[in-house]
Amino acid sequence: MNSSSRKPPAADFDALIIGAGHNGLVCACYLARAGLRVGVFERRSLVGGAAVTEEFVPGFRNSTASYTVSLLEATVIRDLRLAEHGLRIVERPMQNFLPLPDGDSFSAGPEAAATLAEVRRYSARDADRLPAFHAMLDRAVTLLREQLTRTPPTDLRRTGDLWELLRFGRQFRALPLAQQRELHEIFTRSAGEILDHWFETPALKALFGFDSIVGNYASPYTPGSGYVLLHHAFGEVNGKRGLWGHAIGGMGAITQALAAEARRLGVHIECAAPVAKIITTRASGRSQTQATASGIKLVDGRIFGAPRIVGNLGPKPLFLNLLPAEDLPEDFRSHIERWRTASATFRMNVALSELPRFDVRRSRSDDIHLGAGIIIAPSLDYMDRAYADARLTGCAREPIVEMLIPSTLDDTLTPRGAHVASLFCQHFDYNLPGTLDAPRSWEDATEKQAAIDSIIDTVNAVAPNFRRSIVGVLALSPLDLEQRFALAGGDIFHGSLGLDQLWAARPALGYGNYRTPVRGLYLCGSGAHPGGGVTGLPGSNAAREILRDRRK
């Protein structure tokens with residue numbers, strides 16, 4: 001049924017936001033601070049989107065999907081008074097811990113000196129080169145950090161957009177030629193090639209290489225994976241760059257603090273209120289006129305009107321599910337149909353009766369590693385094989401696993417003496433390859449159980465008490481991630497972070513400025529610049545552009 005009509009519904013709000021994930025809440029807060037009446041409608045029974053804390057076994061709570069903190073923008077934390085609403089982020093006592101197949105292990109952080117000492121155990125050459133590598137990443141981050149908060153240019157015929165492009169070009173040209181080459185290589189080459197040039201220690205390369213395939217269905221040797229590595233280097237915890245931390249109470253503590261600030265500012269938040277469609281209007285008798293968003297209709301039949309509709313969901317569900325085809329230019333709709341959503345992520349939360357005991361040597365104290373990101377993927381070759389397996393059979397035979405045990409830092413999550421682990425796993429294809437006679441799907445319980453067993457076996461191989469200590473499991477396949485969190489294809493970033501889907505091309509060239517082909521409809525989720533992760537930046541940037549249009 002065509003959602004276009006000639007008469008818009010009465011305006012109940014100044015802006016309506018679809019989805020109460022963290023970016024939607026950030027956007028709502030900034031709009032409300034500017035005096036707009038804002039309504040937020042969320043299909044689930046709780047706010048937070050993929051940044052939520054939920055009980056999954058009686059007495060055991062954990063971050064259900066997103067699971068660690070670093071990329072959350074400091075200005076968002078400050079502007080929206082998140083600390084005053086109870087948000088507390090603690091740093092990991094060790095940043096990363098890698099069990100190795102020879103019975104050794106590799107530890108990183110939190111101080112640079114500790115990492116250097118660890119690297120020197122394996123290679124004096126790598127220890128000497130590591131500070132220069134960090135300096136190279138820092139230079140890239142410094143140049144690009146400002147771009148995260150700026151609106152990409154969309155039409156070079158407009159003076160403002162042309163100026164924005166020229167401004168970035170001047171910044172780039174001001175760099176020494178060697179640094180220009182560095183940045184160009186990061187964007188265009190694979191993380192594996194870059195790391196192979198810099199280092200010889202497999203574990204050190206694996207440490208950095210893991211960031212290049214997080215939520216990225218690719219090998220570390222896939223061209224462009226260098227940028228995904230860089231994308232994860234932008235963060236900070238409590239003012240300290242490059243660190244990762246834990247929000248006390250889980251990731252839901254972030255979105256609960258955002259919701260508290262939104263309500264303080266007068267935002268109306270309604271949960272268990274899925275949106276069925278966006279209502280659009282056209283000028284009478286002019287079918288080719290640009291459609292204008294004027295409201296939303298909920299699944300329960302209620303209608304709300306507003307001159308601004310803001311989608312905090314991925315480009316595919318927003319444009320393909322909530323709008324009729326005739327409201328979008330044919331080339332734009334075709335582009336969104338081809339929008340790549342390929343995360344290949346399998347997410348597990350595990351309730352444990354005891355801590356995992358790793359059967360490897362440790363150069364640091366016996367328990368500090370348990371607060372780290374424990375990466376079970378000892379080399380770039382291991383990661384490359386996991387990707388190749390998934391491309392061939394749908395699932396990595398030896399999956400890449402990062403395990404966090406947040407209960408070592410946060411006693412609010414579990415009963416006394418028990419623990420909870422977050423397992424973030426790659427690569428598990430959303431589309432399992434099969435045949436006409438033997439199709440395969442994540443709806444098949446045997447496929448899902450096989451993946452669960454493979455992941456548990458992978459952890460158990462380095463921590464032999466892991467399997468027997470399991471009290472309960474919440475396992476989310478790529479299909480589960482799509483159905484629970486409206487992540488098309490199970491993509492945790494709302495769309496792959498390839499060079500063709502970044503900056504001004506996110507979600508499409510001509511629409512990288514948070515606006516869409518439908519007048520009054522905006523995009524504020526991770527499918528907009530600067531992309532995925534719990535940053536709050538797409539939400540705050542979109543709010544700025546919405547308010548700019550309002551002033552016009």
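The values are calculated or read from the model by the stated rules, or taken from the named source; none is laboratory data. Computed from a predicted structure; not experimentally measured. Neighbour counts run over all protein chains shown; Cβ positions are idealised from the backbone, glycine included. What goes into the accessible areas is simple: the full protein's heavy atoms, side chains included, and nothing from ligands, DNA or RNA. Shrake-Rupley method; radii C 1.70, N 1.55, O 1.52, S 1.80 Å.
Once the convex hull of all Cα atoms in the range 160-228 is built, its volume per residue stands at 100 Å³.
Sorted largest first, the principal axis extents computed over the alpha-carbon atoms of the range 350-411 equal 41, 27, 17 Å. Sorted on the mean count of surrounding Cβ atoms within 10 Å across their residues, most packed first, peptides 181-189, 76-84, 396-404 read 396-404, 76-84, 181-189.
Please compute the Kirkwood hydrodynamic radius of the range 297-373 from all pairs of different C-alpha atoms, in Å with one decimal. Final number for the Kirkwood radius of the range 297-373 is 18.2 Å.
When only alpha carbons are used to place a centre, the range 66-105 and the range 174-240 end up 20 Å from one another. With the cut-off at 1.5 for a/c, could you classify the range 363-470 from its C-alpha gyration tensor as rounded, prolate or oblate? Verdict is prolate for the range 363-470. Working from Cα pairs under 8 Å separated by at least six residues, relative contact order for the range 424-551 is 15 percent. By the Stokes-Einstein formula, at 1.306 mPa s and 10 °C, the range 483-526 with its Kirkwood radius over alpha-carbon pairs has D equal to 140 µm²/s.
For the range 340-381, a/c is not less than 1.5, where a ≥ b ≥ c are the root eigenvalues of the C-alpha gyration tensor, and a/b does not top b/c. That puts it in the oblate class.
Past the 27 angstrom mark, what percentage of all C-alpha to C-alpha distances in the range 300-431 do you count? Percentage above 27 Å: 50. The antiparallel fraction among DSSP beta bridges confined to the chain stands at about 70%. Above 23 Å, the calculated P(r) of the range 89-220 contains 47 percent of its Cα-Cα pairs.
If I take every Cα pair under 8 Å that is 6 or more residues apart in the range 57-165, average their sequence separation and divide by the length, what percent do I get for the relative contact order? Numbers along the way, then the final one.
On the way: 51 pairs, mean separation 10.3, N = 109.
With pairs under 8 Å counted, the relative contact order is 9 percent.
Partners of K205 within straight-line reach, counting lysines whose Cα lies under 26 Å from its Cα and excluding those fewer than 8 residues away in the same chain: K240. In the P(r) worked out for the chain, what percent of Cα pairs fall beyond 40 Å? Of all Cα-Cα pairs in the chain, 23 percent lie more than 40 Å apart. Cα-based values for the range 68-131, radius of gyration first and Dmax second, are 16.9, 48 Å.
Using alpha carbon centroids, what distance separates the range 279-358 and the range 451-469, in Å? Answer, in whole Å: 37. Entry note, the range 230-346: relative contact order of 14 percent, from Cα contacts under 8 Å with a spacing of 6+ residues. Per atom type, the range 195-270 shows carbon and sulfur on 52% of its accessible surface, probed at 1.4 Å.
Label separation (R125 vs K240): 3.2 nm, computed from points 7 Å beyond Cα along the C-beta direction. Panel note: the C-alpha atoms of the range 468-544, placed on their principal axes, show extents of 54, 24, 20 Å (largest first). Altogether, the Stokes-Einstein calculation at 37 °C and 0.692 mPa s, with the Kirkwood radius of the range 32-160 over Cα pairs as Rh, returns a diffusion coefficient of 165 µm²/s. Looking at the square roots a ≥ b ≥ c of the eigenvalues of the Cα gyration tensor of the range 409-536, which shape do they give, rounded for a/c under 1.5, prolate if a/b is larger than b/c, or oblate? It comes out oblate by the Cα gyration axes.
The translational diffusion coefficient of the range 443-489, from Stokes-Einstein at 37 °C and 0.692 mPa s with a Kirkwood hydrodynamic radius over alpha carbon pairs, comes to 274 µm²/s.
With each label modelled as a point 7 angstrom along the Cα→C-beta vector, the I303-R484 pair spans 3.6 nm. Peptides 105-113, 131-139, 464-472 ranked from most to least packed, by the mean per-residue count of other Cβ atoms within 10 Å: 105-113, 464-472, 131-139.
Plainly put, the range 8-85 has a radius of gyration that is 1.04 times its Kirkwood radius, both from alpha-carbon atoms, as the Rg/Rh ratio.
Looking at the chain, the accessible area is 40 square angstrom per residue; that uses a 1.4 Å probe and ignores ligands, DNA and RNA.
Extension gain for S45 to L116 (0.36 nm times residue separation, less C-alpha to C-alpha distance): 20.9 nm.
Peptides 414-421, 503-510 ranked from most to least packed give 503-510, 414-421, packing being the mean of other C-beta atoms within 10 angstrom over each peptide's residues. Summing Cβ point charges (Lys, Arg +1; Asp, Glu -1) relative to the Cα centre of the chain gives a dipole of roughly 2240 debye.
Extension gain for the segment C271 to V473, taken as residue separation times 0.36 nm less the Cα-Cα distance, is 70.1 nm to one decimal. With the whole protein complex present, T201 retains an accessible surface near 10 Å², based on a 1.4 Å probe. Using 10 Å bins from zero, what percent of all Cα-Cα pairs in the range 47-101 falls into each bin? Result returned by the calculation: 17, 40, 33, 9, 1.
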